[in-house]
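Q: Starting off with a structure, shown below.
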Amino acid sequence: MNKRFSLIFLILAHFPFSSAAIAKLPPETSPQEQSSHEATRTKQILSTEITQIIDAKAKLRVPPKFPISEAKKGIDGWVRLSFIVEPDGSTSNVVILESTGRKSFEREALKALKQWQYEPAMEGGKPIQQCKNSVQIDFKMAREQEGVSRRFLSLYRKLEKAFNKNIQKDITELIDRLESYEVKTLRESFYKYQLMTRYAKHQQNKRKELNYLNKTFQFSGVGGFFDHKRAVQSDTVDAVGVKVKKGESVDEAISASTQRHYKFLDVALFPVLHDKLLLELDFGRVGDALDTVDKLLLLSSAKPNWPAYQQQKQTLIDFIASDTPIVTPGFIGKRDFWQHTLIRNEFQLADVSGELHKLDIRCRNKRHVYTVNEQSIWKIPKSWQGCNVLVYGDNKASFKLVELNPSDTAKQLKGAMAEKPRLQG
């Protein structure tokens, strides 16, 4: 690892179960703001807003209970969910998108979210469904400092030494120990998947490397970090819901511990997101790459690279606006669906292997469920703003999602399975 990004560990004592176990809700923002600003990015590229929509606003957000079994062990976790806000303000169709894998956290997050109440979204003066909403609920033990245990630190150092000296036998043995190690804190998970990323790179397995980079990012405890960075850039605090006193900066309005964590993230996420971007470009994952480059442009530690990232962003935007089809490989794993944020308004499924059951398209102001037909082309009206698609099917089913530019659909379909163009990397 580059010395510039060398890591500083904090040693944690083992924390017994106490009332310090908390389930943390995100700041009071609209559901649309909780979706990582995906809709904003998509809307800039795809279309202008056709009608004015007033987003749903939370009235009652029941906090989830921290599972006693996990609290006794001192284990942190998080659950990210997608849901719909109905015209009567209730939530429905709650789906777990990702989590740390603890079923007890998933159960409590689901139970809580189903009780939330909103003032409904409004369009043309009438209440409507708001269909593209996501939220991450964190379950975190209250600690004075973030860090790792001595036991984990010892394993980390041994594995790092084995990598540096390229001792294959030790690498294999220690990776097996790391995979079976029961991590407790989010910081331990962050470093675990950082090492797993290095192992995948050592094996020259780019798909696993990208998967582990995504997990490293997810376990970084990123929370409201990027909303905070946007607020700092725009000199507002609306995105994070922090009240700033007169004469007080945005940084001064957050706690000292949060400031320390954000400083850690600004440095630690730079190499993670940079490598993630390179692999997303290599695999032609255009939408993911655009989202990643937007995040890199918010990191102060990446400032010397901003001109290159700006150029890459423009290349991606030009590519999206072109007639070249965007082909994204899909695979259904342990969960019975695969999700994707659409960046164009037309798409088709191709090269389907295995059984696919249905498509659930969730947009800002519309939702529709379709049966799957490999010959069909789905055309989404521009008034359906900022759409995610959930593809449901059997475990291990695979396919390609081909996004088309409506200007010349037939021509693009013929070339959709051709070798993808190389983006600037």
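The values are calculated or read from the model by the stated rules, or taken from the named source; none is laboratory data. All of these numbers come straight from a predicted model, not from anything done at the bench. Cβ: placed from backbone, ideal geometry, glycine included. Neighbour counts: every protein chain shown.
Q: Listed residues Ser104, Ser99, Ser92; which is under 19 Å from Thr216 (Cβ atoms) and touching an Asp or Glu at 6+ places or on another chain (Cβ under 8 Å)? Let's see the steps before the verdict.
A: On the way: Ser104 fails: under 19 Å from Thr216 (Cβ atoms); Ser92 fails: under 19 Å from Thr216 (Cβ atoms).
The unique qualifying residue is Ser99.
Q: Please enumerate the residues belonging to the range 55-74 that are closer than 30 Å to Ile128 by Cβ and in contact (Cβ under 8 Å) with a residue 60 or more places away in the chain.
A: Asp55, Ala56, Lys57, Ala58, Lys59, Pro64
Q: Ok, one more. With respect to the numbered conditions (1) on the phi < 0 side of the Ramachandran plot; (2) at pLDDT 85 or above, which one is the sole condition not fulfilled by Gly354?
A: (1)
Yes or no, residue by residue, for (1) assigned to a helix (DSSP H, G or I); (2) within 21 Å of Pro271 (Cα to Cα); (3) touching a strand residue (DSSP E or B) at 6+ places or on another chain (Cβ under 8 Å):
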{"site": "Ile137", "(1), (2), (3)": "no, no, yes"}
{"site": "Glu146", "(1), (2), (3)": "no, yes, no"}
{"site": "Lys158", "(1), (2), (3)": "yes, no, no"}
{"site": "Arg177", "(1), (2), (3)": "yes, no, no"}
{"site": "Arg187", "(1), (2), (3)": "yes, yes, yes"}
{"site": "Met196", "(1), (2), (3)": "yes, yes, no"}
{"site": "Lys201", "(1), (2), (3)": "yes, yes, no"}
{"site": "Arg207", "(1), (2), (3)": "yes, yes, no"}
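Q: Same structure again: Give the residues of the range 333-379 that are aliphatic (A, V, I, L, M) and closer than 29 Å to Asp55 by Cα, sorted by residue number.
A: Leu342, Ile343, Leu359, Ile361, Val369
Q: Next up: Answer with yes or no whether Leu213 is touching a residue at least 12 places away in the same chain (Cβ under 8 Å), crowded, with 19+ Cβ neighbours inside 10 Å, among the aliphatic types (A, V, I, L, M) and under 29 Å from Pro329 (Cβ atoms).
A: yes
Q: Among Gln259, Gln233, which is the only one that is part of a helix (DSSP H, G or I), surrounded by fewer than 17 Cβ atoms within 10 Å (Cβ to Cβ) and modelled with pLDDT under 85? Steps first, answer last, please.
A: On the way: Gln259 fails: modelled with pLDDT under 85.
Selected residue: Gln233, the only one of Gln259, Gln233 that is part of a helix (DSSP H, G or I), surrounded by fewer than 17 Cβ atoms within 10 Å (Cβ to Cβ) and modelled with pLDDT under 85.
Q: Could you please find all residues in the range 57-76 being under 11 Å from Ala109 (Cβ atoms) and touching an Asp or Glu at 6+ places or on another chain (Cβ under 7 Å)?
A: Hits for the range 57-76 are Pro64, Lys65, Pro67.
Q: When you scan the range 82-108, how many residues do you find that are in contact (Cβ under 8 Å) with a residue 60 or more places away in the chain and touching a Gly at 6+ places or on another chain (Cβ under 9 Å)?
A: The total comes to 1.
Q: Here's a follow-up. Only one of these is surrounded by 18 or more Cβ atoms within 10 Å (Cβ to Cβ), of a type in the set (D, E, K, R) and in contact with a helix residue (DSSP H, G or I) (Cβ under 8 Å, 6 or more places away or on another chain): Lys192, Lys201, Lys158. Name it.
A: None of the others qualify; the one that does is Lys192.
Q: Right, here's the next one. Please go through the range 352-395 and give me each residue that is closer than 20 Å to Arg285 by Cβ and exposed (fewer than 13 other Cβ atoms within 10 Å of the Cβ), ordered by number.
A: Ser353
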